[in-house]
Amino acid sequence: MAIGFPFARTLVGIRSVRTIKSTGVTTTEWRFYLSSQEPTERTPENWIGLIRGHWGGVENRNHWRRDALWGEDHTRSCHSHLVANLALVRSAVFCLLKHHFPDRSHSELREAFAANPSVALFTAKS
């Protein structure tokens with residue numbers, strides 16, 4: 001059991017070797033992941049798929065739309081309560097957009113709102 005991680009059962013280490021094509025410089029980096037699952041519950045390939053799938057989902061579904069579409073990383077305030085409240089408001093907006101515009105992407109909606117701001121002032125359907 002890891003200290004401070006009472007439910008940790010498995011430590012997965014992944015070594016990444018990357019070569020920059022333009023310079024030919026090769027770097028090696030290790031990343032480590034903790035899991036509450038037993039090591040034998042997955043094959044090495046399954047562990048890699050789980051890790052890639054998790055971080056791909058975080059980056060693509062959550063961080064990308066928060067940062068690239070809504071500019072969350074460009075918040076200039078140092079006030080942690082303000083930053084947290086803005087993040088909560090964004091989360092609420094994401095839920096409302098998904099509810100009222102289920103078939104439209106966030107980037108598509110952003111463009112539509114920029115072109116016609118009155119579209120953003122929708123009313124709830126009865």
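The values are calculated or read from the model by the stated rules, or taken from the named source; none is laboratory data. Just so it is clear, the model here is predicted, and its values are computed rather than measured. Glycine gets a Cβ as well: all are built from the backbone with ideal geometry, and neighbour counts include every protein chain shown. Heads up: the accessible areas ignore ligands, DNA and RNA and are worked out on the full protein's heavy atoms, side chains in. Shrake-Rupley method; radii C 1.70, N 1.55, O 1.52, S 1.80 Å.
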> Give me the pairs: first residue in region 41-52 and of a type in the set (Phe, Trp, Tyr), second residue modelled with pLDDT of 90 or more and outside any helix (DSSP H, G or I), beta-carbon distance under 6 Å, and six or more apart or on different chains, which are they?
Replying inline: Trp47/Val12
>> Here's a check for you: in region 18-37, which residue that is under 13 Å from Leu50 (Cβ atoms) and assigned to a loop (DSSP other than H, G, I, E, B) is least open to solvent (accessible area, probe 1.4 Å)?
In response: Gln37
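Of a type in the set (A, V, I, L, M), assigned to a strand (DSSP E or B) and either open to solvent by 60 Å² or more (accessible area, probe 1.4 Å) or within 30 Å of Leu121 (Cβ to Cβ) (or both): which single residue out of Leu88, Leu11, Leu50 fits that description?
The match here is Leu11.
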> Is it true that some residue in region 95-103 is within 17 Å of His63 (Cα to Cα), among the aliphatic types (A, V, I, L, M), in contact with a helix residue (DSSP H, G or I) (Cβ under 9 Å, 6 or more places away or on another chain) and assigned to a helix (DSSP H, G or I)?
Replying inline: yes
> What number of residues within region 104-126 are assigned to a helix (DSSP H, G or I) and surrounded by 10 or more Cβ atoms within 10 Å (Cβ to Cβ)?
Replying inline: 11
